[in-house]
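The values are calculated or read from the model by the stated rules, or taken from the named source; none is laboratory data. The structure displayed is predicted, hence computed values, not measured ones. We place every Cβ from the backbone using ideal geometry, glycine too, and count neighbours over all the protein chains shown. These accessible areas exclude ligands, DNA and RNA; they are computed on the full protein's heavy atoms, side chains included. Shrake-Rupley method; radii C 1.70, N 1.55, O 1.52, S 1.80 Å.
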Amino acid sequence: MAKRIVSVVAGLGRRVNDSLQRLGFAARFFVMLLVYSGQSFRRIHLTIRELFFSGVLSLLIILVSGLFVGLVLGLQGYETLQRYGSSEALGVLVALSLTRELGPVIAGLLFASRAGSSVTAEIGLMKATEQLTAMDMMAVNPMARIVAPRFWGGVISMPLLAAMFSAMGVFGGYLIGVVFIGVDEGAFWSQMQASVDFHHDVLNGVIKSFVFGIAVSLIAVFEGYDSIPTAEGVSRAITRTVVNSALAILALDFVLTSFMFRGI
Amino acid sequence: MNRKLLDLWVGFFVAIGIAALLFLALKVGNLSASNFLETYQLAAKFDNIGGLKVRGPVKSAGVVVGRVSEIRFDPKTYEAVVTLNIDARYQFPKDTFASILTSGLLGEQYIGLDAGGDEKMLKVGDLIAKTQSAVVLEKLISQFMFNKASDGPDKK
């Protein structure tokens with residue numbers, strides 16, 4: 001009995017120890033990433049290439065899902081608002097929920113599963129096939145050559161994608177509300193403009209998506225870099241990327257919302 | 001994929017992203033409509049501001065001419081001090097009347113400015129002397145009930 005208790009406590013201790021060690025490595029990794037970013041910016045086309053892979057190739061899924069989210073918001077919002085005779089407030093509902101919350105969060109989740117996972121897979125496979133070690137042998141720093149461009153590509157493309165998502169969603173809401181259902185067009189736009197504030201709503205949404213971009217990109221490159229260099233290890237790293245990114249986005253969203261929209 | 005085509009696509013991507021941001025700022029948000037470039041500050045004291053909020057509109061003749069920038073409580077006079085940011089294009093006379101109004105039955109509260117006839121204009125930092133507080137529904141109802149009660153049964 002005593003032996004069992006000891007082994008349970010020892011296992012718990014090892015787990016805590018391991019995860020703390022991983023956290024420490026992640027922090028060190030982040031600092032290293034920032035330090036070597038300067039080197040990678042000197043060869044800017046590497047970052048532009050990553051912008052293409054994580055940004056341009058995510059365009060389709062972002063635009064289409066933004067449109068559908070906007071359509072659904074328009075339908076559901078109208079359904080509820082018309083009960084209270086205020087269907088003109090549909091524009092406000094769609095625009096506020098998209099710019100404040102749904103745009104950054106859903107775009108972030110999509111981005112994590114579309115672009116984050118592929119970055120992890122790429123870096124993980126490079127590690128498994130010992131390409132990273134080979135680069136080190138050739139005095140090419142893999143942090144500057146591989147990791148930093150992928151990180152910055154994600155950080156830059158995430159706010160742009162979130163803005164596109166929100167814009168597309170507002171357009172979807174307009175399509176359902178004004179074109180199909182027949183809410184007054186002037187009231188739709190003017191009420192929206194009256195209650196959506198540039199600093200308070202739009203800019204805070206952009207800040208959110210920027211923070212999500214940093215979180216998702218960091219998790220993606222870190223999980224790839226830290227993966228166990230086997231087929232199973234890489235697949236587990238990809239799963240961890242998607243799960244951890246989703247959790248990080250939702251938790252950060254709560255924290256940021258409570259900072260940004262408190263009281264007013 | 002060669003580098004030129006890559007650059008083209010990335011440029012296209014960034015351009016759409018910026019266009020989306022501009023759309024959000026100008027068409028969805030109110031950057032074009034009511035962010036005044038130059039403003040000057042006025043203050044007004046109210047007995048009761050009701051549900052007035054910071055960033056609430058200041059209207060004159062129904063046109064938005066400014067925004068509420070700060071709401072404070074004055075511990076000496078027990079009044080609310082409201083600071084207003086007024087668009088620098090508009091000047092108001094010294095005897096302007098400021099009242100807290102409600103848009104619609106249950107809408108947001110705003111400050112209405114009714115211009116007076118004075119020839120001197122309000123300057124930066126001036127206090128609007130004549131104000132009317134927000135109408136609090138409970139007080140209105142209790143006043144009404146009180147009047148009814150004081151009318152009493154002799155009115156029959």
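Summary of values
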read-out	value
Lone unmet requirement of (1) in contact (Cβ under 8 Å) with a residue 12 or more places away in the chain; (2) farther than 22 Å from residue A:103 by Cα for residue A:241	(2)
Some residue of the range B:67-76 being under 14 Å from the mean Cα position of the chain (by Cα), within 14 Å of chain A (Cβ to nearest Cβ), open to solvent by less than 40 Å² (accessible area, probe 1.4 Å) and not small (Gly, Ala, Ser)	yes
Lone qualifier among A:187, A:194, A:139 - being within 14 Å of chain B (Cβ to nearest Cβ), more than 27 Å from the chain's Cα centre (by Cα) and open to solvent by 50 Å² or more (accessible area, probe 1.4 Å)	A:194
Residue match in the range B:29-45 (condition: within 12 Å of the chain's Cα centre (by Cα), charged (D, E, K, R) and more than 7 Å from chain A (Cβ to nearest Cβ))	no
Conditions (1) without any contact (Cβ under 8 Å) to a residue 60 or more places away in the chain; (2) among the hydrophobic types (A, V, I, L, M, F, W, C); (3) open to solvent by 50 Å² or more (accessible area, probe 1.4 Å): number failed by residue A:248	(3)
Among (1) surrounded by fewer than 17 Cβ atoms within 10 Å (Cβ to Cβ); (2) modelled with pLDDT of 85 or more - the single one residue A:262 does not satisfy	(2)
Top-ranked residue of the range B:47-63 - restricted to ones that are over 8 Å from the mean Cα position of the chain (by Cα) and part of a strand (DSSP E or B), ranked as nearest to residue B:128 (Cα to Cα)	B:60
Subset tally (residues that are part of a helix (DSSP H, G or I) and over 30 Å from the mean Cα position of the chain (by Cα)) for the range A:81-106	6
Sole exception among (1) in contact (Cβ under 8 Å) with a residue 12 or more places away in the chain; (2) within 14 Å of chain B (Cβ to nearest Cβ); (3) closer than 30 Å to residue A:89 by Cα; (4) not basic (Lys, Arg) for residue A:212, by number	(2)
Filter result (open to solvent by less than 100 Å² (accessible area, probe 1.4 Å) and within 7 Å of chain A (Cβ to nearest Cβ)) within the range B:1-26	B:6, B:7, B:10, B:13, B:14, B:16, B:17, B:20, B:21, B:23, B:24, B:25
